[in-house]
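Here is the structure we will look at.
The values are calculated or read from the model by the stated rules, or taken from the named source; none is laboratory data. Remember, it's a predicted structure, so these values are computed and weren't measured experimentally. Every residue, glycine as well, gets a Cβ built from its backbone with ideal geometry; the counts of neighbours run over all protein chains shown. Heads up: the accessible areas ignore ligands, DNA and RNA and are worked out on the full protein's heavy atoms, side chains in. Shrake-Rupley method; radii C 1.70, N 1.55, O 1.52, S 1.80 Å.
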Amino acid sequence: GRKKNLIILDNGKNVSPEELETLIGRIENVNEVLVYEENALITAEIYAEDTNARGQIETDIRALNKTIAGYKQIRKIKFRSVEFEKTTTKKIKRSYK
């Protein structure tokens, strides 16, 4: 991933959001995902067309968290009702503060 996209935690550890997005993107019914830091928590924002699958997606992310290092674990999950805005190359636009 690009250095610009790195999440640098308070403990100095670096987390690549693309790595976590790839793992979450493999979960059934996840159409799009964006991982970022919000209020010192690693947050996954997810677009899933099937709103009935949200509970299962949350369960699958909790199971995923058990397989990755503690500092990389998803601490907050947000669901959105519309797709993410895309670039002309169909990649999700990331906004930087």
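Selection of segment 74-97 for residues being open to solvent by 60 Å² or more (accessible area, probe 1.4 Å), of a type in the set (Ser, Thr, Tyr) and over 14 Å from Asn31 (Cβ atoms) yields Thr88, Thr89, Ser95, Tyr96. Give the residue that is most open to solvent (accessible area, probe 1.4 Å), with candidates limited to residues of segment 1-41 that are in a loop (DSSP other than H, G, I, E, B) and touching a residue at least 60 places away in the same chain (Cβ under 8 Å). If we take residues in segment 1-41 being in a loop (DSSP other than H, G, I, E, B) and touching a residue at least 60 places away in the same chain (Cβ under 8 Å), then Asn11 is most open to solvent (accessible area, probe 1.4 Å).
Of the numbered conditions (1) more than 19 Å from Lys93 (Cβ to Cβ); (2) in contact with a Lys or Arg (Cβ under 9 Å, 6 or more places away or on another chain), Leu20 fails exactly one; give the number of that condition. Of the numbered conditions (1) more than 19 Å from Lys93 (Cβ to Cβ); (2) in contact with a Lys or Arg (Cβ under 9 Å, 6 or more places away or on another chain), the odd one out for Leu20 is (1). If only residues of segment 75-96 that are among the charged types (D, E, K, R) and assigned to a loop (DSSP other than H, G, I, E, B) are counted, the one that is modelled with the highest pLDDT is Arg75. Among the residues of segment 54-73 satisfying the criterion of being part of a loop (DSSP other than H, G, I, E, B) and surrounded by 11 or more Cβ atoms within 10 Å (Cβ to Cβ), which is farthest from the chain's Cα centre (by Cα)? Filtering first and then ranking leaves Ile68.
Considering only residues in segment 42-53 that are in contact with a strand residue (DSSP E or B) (Cβ under 7 Å, 6 or more places away or on another chain) and over 28 Å from Asp10 (Cβ atoms), the one that is most open to solvent (accessible area, probe 1.4 Å) turns out to be Tyr47.
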